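Student: Have a look at the structure that comes next, please.
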């Protein structure tokens with residue numbers, strides 16, 4: 001884009017993005033560069049390594065994608081088999097899918113090939129996609145490490161390496177895989193590392209895989225976007241379900257993500273929402289990639305209003321128009337709070353983040369407030385109110401809560417107190433053969449007073465007594 005009066009480049013053109021890539025960027029809705037893009041794109045185009053700390057939702061994907069695409073377009077379409085010119089590593093499948101979608105939009109019409117390599121889906125289709133070679137490979141470290149080890153992917157010609165959400169890869173134990181993959185790339189590669197937080201371990205990693213990087217920090221670590229209105233609702237664990245249902249009755253909560261701490265907790269919240277009359281989908285680590293993508297697509301197209309997720313999705317959901325984020329439970333890692341609420345208020349839009357806090361979570365709340373450098377206001381206090389009465393536990397509700405196969409150990413073994421029989425039905429008695437000498441006095445039993453003729457056994461080193 002240029003200004004007709006001054007003939008000087010503006011927007012992304014001023015940063016060095018030109019030609020068809022500039023047109024595709026404009027068509028994808030990228031008009032005004034974000035602060036992280038204004039600093040990272042020129043440095044990357046100049047061939048420098050980039051180490052950037054920026055708020056989640058601040059435009060990091062375009063900040064590393066546009067300069068890489070600029071250089072790839074100039075190389076032509078000839079690629080080596082099983083190779084990738086650029087490699088982008090992401091900690092979660094959802095984030096990897098989101099990055100590929102953004103790159104496809106930015107490079108529309110430019111004949112740039114992309115591939116996804118991630119767990120939970122067919123390896124065969126990924127190997128087949130990589131066979132002729134691709135321009136940009138987006139991958140999760142675990143699956144990519146396997147395919148590189150097996151010789152299905154060759155990274156020796158990879159000249160651009162990007163680590164997105166590097167601190168999350170540290171949390172998930174991927175750092176050793178990241179080191180091995182970085183070592184497998186071209187020795188003269190250009191590296192970019194982006195994240196919302198920068199713990200000491202990540203700084204150490206950066207020093208070992210990067211060369212004199214340009215440091216970019218558009219906001220202090222852990223800072224949340226100013227457009228997100230944050231608050232706390234005090235509620236005990238038993239009250240949270242009813243508080244959440246009352247909140248969701250407000251039509252202003254158009255598109256909502258509810259975060260739970262564990263996979264089983266996410267399933268439980270989803271079942272409660274469905275019993276309360278709300279349509280909800282759930283994604284977490286126990287779901288297959290197809291199931292997770294189906295739930296995310298339903299949430300994106302509006303057919304599902306509520307998405308329940310664990311922290312695996314906190315950095316992988318980029319859905320325009322998310323009005324609210326609800327922390328049903330506070331995360332174990334305070335940094336995850338920043339990424340959770342970053343799903344709303346993206347690209348300058350307004351958003352609301354509400355945290356339901358039990359008194360037992362006060363320590364976690366204080367950790368969050370230290371990370372975000374602000375004290376969260378209390379929007380409502382339900383602690384002085386009586387706990388809601390539990391619903392009667394009917395047989396149908398018990399089955400719905402546990403699922404058909406999640407019975408207790410006693411139920412599986414048919415024990416009296418753990419059985420699954422309807423009330424009033426007797427447990428069938430098993431008929432067993434009557435012992436031949438049951439009830440007879442010891443003197444009438446055969447062998448009494450006679451020499452021992454059975455197998456000799458060990459009784460603490462003593463032999464069985466013999467008759468005189």
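Values quoted throughout were computed directly from the atomic coordinates according to the rules given, and no laboratory measurement underlies them. What you are looking at is a predicted structure, and each value in this text was computed from that prediction instead of being measured. Glycine also receives a Cβ, built like all others from the backbone with ideal geometry; neighbour counts cover every protein chain displayed.
Student: Report, in cubic angstrom per residue, the convex hull volume of the C-alpha atoms of the stretch 228-402.
Tutor: Numbers: hull volume 20.9 nm³, N = 175.
Per residue, the Cα convex hull of the stretch 228-402 comes to 120 Å³.
Student: Considering all projection directions equally, how large on average is the shadow of the alpha-carbon convex hull of the stretch 11-217, in square nanometres? Show your work: numbers first, answer last.
Tutor: Working: hull surface 40.9 nm².
So the Cα hull casts an average projection of 10.2 nm².
Student: Does a label point 7 Å from the Cα of residue 180, set along Cα-to-beta-carbon, have any residues of the stretch 134-166 with amide nitrogen under 16 Å, and which are they?
Tutor: Under 16 Å, as judged by backbone N against the label point of residue 180, lie 140-156 of the stretch 134-166.
Student: Sort 337, 328 so that the residue with the fewest other Cβ atoms within 10 Å of its own Cβ comes first and the one with the most comes last. Each step should come with its number before you reach the end.
Tutor: Values: 337 29, 328 21.
So the residues, fewest neighbours to most, are 328, 337.
Student: Ok, one more. For residue 275 and residue 146 in one chain, what is 0.36 nm times their gap in residues minus the Cα-Cα distance, to one decimal in nm? Intermediate results must be reported in sequence, preceding the final value.
Tutor: On the way: separation 129, 0.36 × 129 = 46.44 nm, distance 4.22 nm.
Stretched fully, the residue 275-residue 146 segment lengthens by 42.2 nm.
Student: Given a Förster distance of 30 angstrom, what is the FRET efficiency for residue 14 paired with residue 101, based on the Cβ-Cβ distance and rounded to 0.05?
Tutor: For residue 14 and residue 101, the calculated efficiency is 0.70.
Student: If you don't mind, another one. How much length, in nm to one decimal, is gained on full extension between residue 262 and residue 238, taken as 0.36 nm per residue of separation minus their Cα-Cα distance?
Tutor: Going from the current span to full extension adds 7.0 nm.
Student: Within 10 Å of each residue's Cβ, count the other Cβ atoms and sort 34, 183 from fewest upward. Each step should come with its number before you reach the end.
Tutor: Numbers: 34 20, 183 11.
Taking fewest neighbouring Cβ atoms as first place, the list is 183, 34.
Student: Computed on alpha carbon atoms, what radius of gyration and Dmax characterise the stretch 161-276, expressed in Å?
Tutor: Answer for the stretch 161-276, Rg first and Dmax second: 20.4, 58 Å.
Student: Could you line up 30, 124 from fewest to most neighbouring Cβ atoms inside 10 Å? Display every interim value, and only then the final one.
Tutor: On the way: 30 22, 124 8.
Fewest-to-most ranking of 30, 124: 124, 30.
Student: Pairwise over distinct Cα atoms, reciprocal of the mean inverse distance: report the Kirkwood radius of the stretch 62-156 in Å, one decimal place.
Tutor: Working: mean 1/r = 0.0750 Å⁻¹.
This gives a value of 13.3 Å.
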